[in-house]
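What follows is one structure encoded as structure tokens, with my remarks underneath.
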Amino acid sequence: MRVGSPPPFLDPTTEVRLEPLDAARLDAVLHIEQRAYSHPWTRGNFLDGVRAGYHMRVLVAGAAADETVLGYYVAMQGVAEAHLLNLTVAPLYQGQGWARLMLDALALWARGVPVQPPLATLWLEVRASNQRAIHVYEAQGYRRVGLRKDYYPDGHGRREDAVVMSLSLVSDVSTPRNPAQAPL
Ligand SMILES: CC(C)(COP(=O)(O)OP(=O)(O)OC[C@H]1O[C@@H](n2cnc3c(N)ncnc32)[C@H](O)[C@@H]1OP(=O)(O)O)[C@@H](O)C(=O)NCCC(=O)NCCS
């Protein structure tokens, strides 16, 4: 399994697909995680997610025997909501739209989870300094809904705020009570 090796732009005929983030792909994921973050998740963090049954996917390119991990995400399902806990694109493949693709896939999954009540909201927290990620989330319809003061360590003995963002999974258009009330 290759991890972010050149060429950075995939041949347009290369198959790209989402697969479960399982133990077999954990080495590749950790390799990316350690290069993408100042405070990366540990193997134990990912394994806890696997054990807890979190929704964890890797985005891979190429044949199964020689696949390249482009990115991954981890989400935790709650009651009527889900939390995006990790979204990462391998540094070599950033800026090519893969994060948006994974966010689309996440929202599709969340809308289709067969539970009552259905999932209505996706939540996430992001470092206030991570303008790039905030830009991507806003472009995908997430809205800033709050701030958690001093939520993250900043690596210099200080703390950094988290921006809380959410995506509504339900339509804003209210359903008329009967067809006769439907607006023209
Ligand atoms: C944040 C991250 C997931 C985005 O992934 P990506 O595949 O590079 O994102 P995309 O290619 O889909 O989109 C990148 C967008 O960010 C914009 N961008 C790049 N740098 C930026 C910056 N410093 N400030 C604001 N926007 C920026 C690009 O212009 C592009 O927007 P556009 O499509 O409107 O032009 C990726 O950079 C990453 O994994 N970073 C490290 C881990 C991380 O921070 N994860 C999020 C934790 S909450």
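Points to keep in mind about this one:
- Candidates Ala133, Ala65, Ala99, filtered to the one that is modelled with pLDDT under 95, out of contact with any Cys (no Cβ under 6 Å at 6 or more places or on another chain) and within 23 Å of Val29 (Cβ to Cβ): Ala65
- The range 101-133, residues that are closer than 17 Å to Ala36 by Cα, assigned to a helix (DSSP H, G or I) and either more than 9 Å from the chain's Cα centre (by Cα) or near the ligand (Cβ under 7 Å from one of its atoms) (or both): Gln131, Arg132, Ala133
- Scanning the range 100-112 for residues that are open to solvent by 20 Å² or more (accessible area, probe 1.4 Å) and without any contact (Cβ under 8 Å) to a residue 40 or more places away in the chain gives Asp104, Leu108, Gly112.
- Boolean, Tyr93 is within 14 Å of the ligand (Cβ to nearest atom), open to solvent by less than 30 Å² (accessible area, probe 1.4 Å), touching a residue at least 40 places away in the same chain (Cβ under 8 Å) and at negative phi: yes
- The selection criterion, being open to solvent by less than 20 Å² (accessible area, probe 1.4 Å) and in contact with a strand residue (DSSP E or B) (Cβ under 7 Å, 6 or more places away or on another chain), does not hold for Tyr54.
- Residues in the range 57-73 that are more than 11 Å from the ligand (Cβ to nearest atom) and either open to solvent by 30 Å² or more (accessible area, probe 1.4 Å) or of a type in the set (A, V, I, L, M, F, W, C) (or both): Arg57, Val58, Val60, Ala61, Ala63, Ala64, Ala65, Asp66, Val69.
- Flag for Arg158 being more than 16 Å from the ligand (Cβ to nearest atom), open to solvent by 20 Å² or more (accessible area, probe 1.4 Å), modelled with pLDDT under 95 and basic (Lys, Arg): yes
- Look at (1) in contact with a strand residue (DSSP E or B) (Cβ under 7 Å, 6 or more places away or on another chain); (2) surrounded by fewer than 10 Cβ atoms within 10 Å (Cβ to Cβ); (3) modelled with pLDDT under 95 and you find that Tyr152 fails only one, number (2).
The values are calculated or read from the model by the stated rules, or taken from the named source; none is laboratory data. On a predicted model such as this, the values are computed, not experimentally measured, just so you know. Quick reminder, even Gly has a Cβ in these numbers, built from the backbone with ideal geometry, and neighbours come from all protein chains shown. Ligands, DNA and RNA are stripped out before the accessible areas are found, and what is left, the full protein with its side chains, is counted by its heavy atoms. Shrake-Rupley method; radii C 1.70, N 1.55, O 1.52, S 1.80 Å.
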